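A short worksheet on the structure shown next.
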Amino acid sequence: MPQPRLIVLEFNELCPALLTEFMGRGWLPNFRRLYESSIIVTTDAGERYPYLEPWIQWPTVHTGLTYAEHGVFHLGDGDRLPHPGVGDILSAAGVRVGIFGSMNVHYRSINGYYLPDPWTRQPVTTPEWLTIAHETIARQVQESSRPEAGSLRTMARFGLFLLRHGLSGDTVGRIAGQLLRERLVPALRWRRPSVLDHIQYDLFRHLNRRFAVDFATLFCNSTAHYQHYFWRNFQPEQFTVPPPPTDHVSLTGAIRYGYESMDALIGKVLADYPKTVVVLCSALSQQPWSDTTKCTYRPKDFGTFLEFARVSVTDGVIKPVMAEEFHFDCRDVATAERAERRFQELYLADRPLMRVQREGSSLFLGCAITDPTLAQGEVRRQSDGASRPFGDLFHLVHSMRSGRHHPDGVLWLRTGHHRLVPGRRPLIDVAPTLLQFFGVAPPSYMSGTPIEEVRAESLLVPG
């Protein structure tokens, strides 16, 4: 089948230290193969909290702009990027391009195919018939903490689409095995994001062939998710507070499971694309968050929550983001202002229940309660004193948080030989490096420089 010339595997927030440890233990043979045939770069996100977030760093990877330059702070706001990303630039240069799920970017002129990320507020796929794929993946990701989000009916509907668009026998086996294990041990539902990675890869491979692309990106988030929630289970000795007693024993191996599942994906990529330059990019990484007991909570049912807040479901559209956060896009500014006031009058004990930010007719909200000891309390409306148990309105998102972001990122470029690049390179150097491979000059708004060790003429994979 036609070989893309360059594939960027956007495996969100993989940790250089864990990759080194797990490869050393023999758990990641395919990562090891890729590592030993690649130029190895450690990138520096160049930001610190609160600007060290993947929905800020991935726009930097695609546009070569720092946060100060692109200004995109919230997930779902990628359509505000002020300049085109590498996909549009390469498309304009005649390169066939495929963008699959890249986080918080905005592409409208792709010469190939485009599947927006699951958190895009106004998704437009290219071509339009990919909408069913986007809607299903988005529901799986946005509502992963809700049992019905991953129902057999939902997966079967998507499976019918995939049967015509690349579903492999290996992935069918993974889906069946996961559903069977959940029947026996319902607590193993946490493994679904890894199965979704393999489902997405099948469609990605099919689209690459169908559109004969030369440049393609694939975004996967499962392991980043496991690290955020289950590092406390993986290395309890790093934490003063142990995992919650309600956590299932299987979560001890969740992080390793994520890396091993991605290792299987790497194996597929290396087998499917032997003559393609494969780039592994993480944008940033994670580290143990040993001094937190933060928990995140989300409305069990948005309609019920809005009713208690005295906000009509017809006032706007709910668009979930990650964890506790969601957009509420109202029909007009006056409606948004009224909803803002009503959300702000909700309290738990002496604390505001919600974080509320309004911009025009759109609200960005999230539950402000992160202390699990408060979850037994009553939510109260200040205006009339009406109350309702917090647990009736909100549910815990997965478990207590235990991983936080770190600016170091993984950048491996398979050239056919192994080389370690000393020090760290700014994340803004990634975009011009990718453009250089295709002989396309970086636009003037990109202040980064192509990584010297990754000269275009050296990116030749032996046939």
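Magnitude of the Cβ-charge dipole of the chain, K/R +1 and D/E -1, about the Cα centre, nearest 20 debye?
1000
For helix 333-344, what angle does its Cα long axis make with the longest principal axis of the chain, in degrees from 0 to 90 and rounded to 10?
On a 0 to 90 degree scale, this one is about 70.
Between R209 and E135, 0.36 nm times their residue separation minus their Cα-Cα distance comes to what?
Going from the current span to full extension adds 24.4 nm.
How much length, in nm to one decimal, is gained on full extension between Q344 and K294, taken as 0.36 nm per residue of separation minus their Cα-Cα distance?
Additional length available on full extension: 15.8 nm.
Quick one: which residues, 5 or more positions from I99 or on another chain, have an amide H under 5 Å from its amide H? H modelled 1.01 Å from N in the peptide plane, none for Pro or chain starts.
Amide H neighbours of I99: Y113, Y114, L115, T217.
Given 0.36 nm per residue, what is the gain on full extension from A368 to T20 after removing their alpha carbon distance, in nm?
Additional length available on full extension: 121.6 nm.
Could you state the angle between the C-alpha long axis of helix 54-63 and the longest principal axis of the C-alpha atoms of the chain, as a value from 0 to 90 degrees rounded to the nearest 10?
30
Sorted by average packing, counted as other Cβ atoms within 10 angstrom per residue and highest first, what order do 436-444, 199-207 take?
199-207, 436-444
Mind putting a number on the dipole of the range 293-433 about its Cα centre? Charges go on the C-beta only, +1 for Lys and Arg and -1 for Asp and Glu, and I need it in Debye to the nearest 20.
In total the dipole reaches around 560 debye.
With θ taken as phi - 60° and the coefficients 6.51, -1.76 and 1.60, list the Karplus ³J(HN,Hα) couplings across the range 415-432 in order, rounded to whole Hz; mark glycine and proline as x.
10, x, 9, 9, 8, 9, 8, x, x, 10, 10, x, 4, 5, 7, 5, 4, x
How large is ³J(HN,Hα), in whole Hz, for each residue of the range 267-279 in order, when computed from phi with the Karplus curve 6.51 cos²θ - 1.76 cosθ + 1.60 and θ = phi - 60°, using x for Gly and Pro?
With the stated coefficients, the range 267-279 comes to x, 5, 4, 5, 6, 7, 10, x, 10, 9, 6, 9, 10 Hz.
Please rank V430, V172, fewest neighbouring Cβ atoms within 10 Å first, as an exposure proxy.
Lowest to highest Cβ neighbour count: V172, V430.
How large is ³J(HN,Hα), in whole Hz, for each residue of the range 260-265 in order, when computed from phi with the Karplus curve 6.51 cos²θ - 1.76 cosθ + 1.60 and θ = phi - 60°, using x for Gly and Pro?
Values, residue by residue: 5, 5, 5, 4, 5, 4 Hz.
In degrees between 0 and 90, to the nearest 10, how far off the longest principal axis of the chain does helix 169-184 point, with axes built from Cα atoms?
30
For H248 and L179, what does the FRET efficiency come to when R0 = 22 Å and r is the distance between their Cβ atoms, rounded to the nearest 0.05? Show your work: numbers first, answer last.
Values: r = 17 Å, r/R0 = 0.78.
My answer for the efficiency is 0.80.
How high is the FRET efficiency between R33 and A334 when r is their beta carbon distance and R₀ equals 51 Å, given to the nearest 0.05? Walk me through the numbers on the way to the answer.
Values: r = 59 Å, r/R0 = 1.16.
That gives a FRET efficiency of 0.30.
Hey, can you grab everything whose amide H is under 5 Å from the amide H of T276? Only 5+ residues off in sequence or another chain; H modelled, so Pro and N-termini drop out.
The list, which skips near neighbours in sequence, is empty: none.
7 Å from Cα along Cα→Cβ at both H83 and A187: what's the point-to-point distance in nm?
If labels sit at H83 and A187, their model points lie 5.0 nm apart.
Could you give the distance between the Cα centres of the range 3-58 and the range 320-356, to the whole Å?
First find each Cα centre; the distance between them is then 36 Å.
Once you keep just the Cα pairs under 8 angstrom separated by 6 or more residues, what percentage relative contact order results for the range 297-396?
Over the range 297-396, the number comes to 29 percent.
Using helices alone, what [θ] at 222 nm do you get for the chain, with -39,500 (n - 2.57) per DSSP H run of 4 or more residues, divided over all residues and rounded to the nearest 500?
The helix-only estimate for the chain comes to -10500 deg cm²/dmol at 222 nm.
Toward the positive end of the charge dipole of the range 1-125, about the Cα centre and with charges on Cβ (Lys, Arg +1; Asp, Glu -1), which of T42, V105, A92 goes farthest?
Comparing the listed Cα positions along the dipole, A92 ranks first.
Nothing charged except the Cβ atoms of Lys and Arg (+1) and of Asp and Glu (-1): what's the magnitude of the dipole of the range 16-59 about its Cα centre? Round to the nearest 20 debye. Present the calculation step by step, with values, prior to reporting the outcome.
On the way: 4 positive and 5 negative charges, 46 e Å.
Its charge dipole is roughly 220 debye.
So what is the relative contact order for the range 152-250, in percent, with contacts set as C-alpha pairs under 8 Å and at least six apart?
24
Taking the Cα of S387, stepping 7 Å toward and past its beta carbon, and measuring to each backbone N in the range 330-355: which are under 20 Å?
In the range 330-355, the label zone of S387 (backbone N under 20 Å from the point 7 Å along Cα→Cβ) covers 343-354.
Note down the relative contact order for the range 64-116 as a percent, whole number, built from C-alpha pairs under 8 angstrom at least six residues apart.
Once normalised by length, the contact order is 32 percent.
Picking from P450, S194, T292, whose Cα lies most toward the positive end of the charge dipole for the chain (charges on Cβ: Lys, Arg +1; Asp, Glu -1)?
Checked the options; the winner is S194.
Bear in mind these aren't lab numbers, they're just calculated from the coordinates by the rules spelled out. The structure presented is a predicted model; accordingly, all values stated were derived computationally and were not measured. Don't worry about glycine lacking a Cβ; one is built from the backbone with ideal geometry, like all the others, and counts go over all protein chains shown.
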